[in-house]
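Notes follow once the structure below has been shown.
The values are calculated or read from the model by the stated rules, or taken from the named source; none is laboratory data. Bear in mind the structure is a predicted one, so any value in this text is a computation, not a measurement. Please note: Cβ atoms are built from the backbone with ideal geometry, for glycine as well, and neighbour counts cover all protein chains shown. All accessible areas refer to the heavy atoms of the entire protein, side chains included, with ligands and DNA or RNA removed. Shrake-Rupley method; radii C 1.70, N 1.55, O 1.52, S 1.80 Å.
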Amino acid sequence: MSQSYDRGLIEDFGRWREFSAGMWAWILHKFTGWILIGYLFTHIAVLSTAIQAAGGDPAAYTDTLQGLESVLVIRILEIGLLATAVFHILNGVRLLMVDLGIGLEAQDKSFYAALVVTGAVVVASVPTFLGGGVV
Ligand code: HEM
């Protein structure tokens, strides 16, 4: 026997209030995956531009990178990148486990655990990124 449901207008983005943990996990995984791709392209563009600008002088290249690292906004963005990567990796491993049938009964809990561990790693990284003088 088949059943049908009136699910309302699915394309209405205002419906985020109805999201379950699994929906947030899905959205965050997509979001972080594509941010990482965006970062990868930006990273290669910035480094190859710095190599070009240095014109074969390693010291000039190091100067450019140290200049970038001295900008507070860049260090804050790096913390965001760490958060993005750590969450994507933890949630990705979680998804692979789910695909293998491991922990099917604890999917919400493992998603929350991924968020908490990501938060802990980010907090622990703050002295490194904002402590100054590391570069
Ligand atoms: C250990 C590292 C990683 C793990 C375990 C991992 C795991 C996964 C998994 C399991 C999926 C598929 C999720 C699904 O079933 O829909 C996925 C999707 C994706 N990952 Fe990763 N990933 C990792 C690193 C990366 C990196 C480094 C990048 C980018 C440079 C990346 C970009 C993406 C993108 C763009 C998607 C597709 C998102 C979408 O659904 O539109 N991942 N990842």
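Filter the DSSP H helices in the chain by two things, a Kyte-Doolittle mean of at least 0.0 and an axial alpha-carbon span of 15 angstrom or more, and list the hits by number.
Membrane-span-like by this criterion, though nothing is claimed about a membrane: 21-54, 72-99, 107-130.
Counting alpha carbon pairs within less than 8 Å and at least 6 residues apart, what relative contact order, in whole percent, applies to the chain?
RCO, the chain: 31 percent.
So for Thr84, Thr62, what's the accessible-area order with a 1.4 Å probe, most first?
Values: Thr84 25, Thr62 65 Å².
Listed by decreasing accessible area, they come as Thr62, Thr84.
Ile74 label point, 7 Å along Cα→Cβ, cut-off 13 Å on backbone N: hits in segment 47-62?
47-51, 61-62
Based on DSSP H runs of at least 4 residues, each adding -39500 (n - 2.57), what is the mean residue ellipticity at 222 nm of the chain after dividing by all its residues, to the nearest 500 deg cm²/dmol?
The helix contribution divided over the chain gives -25500 deg cm²/dmol.
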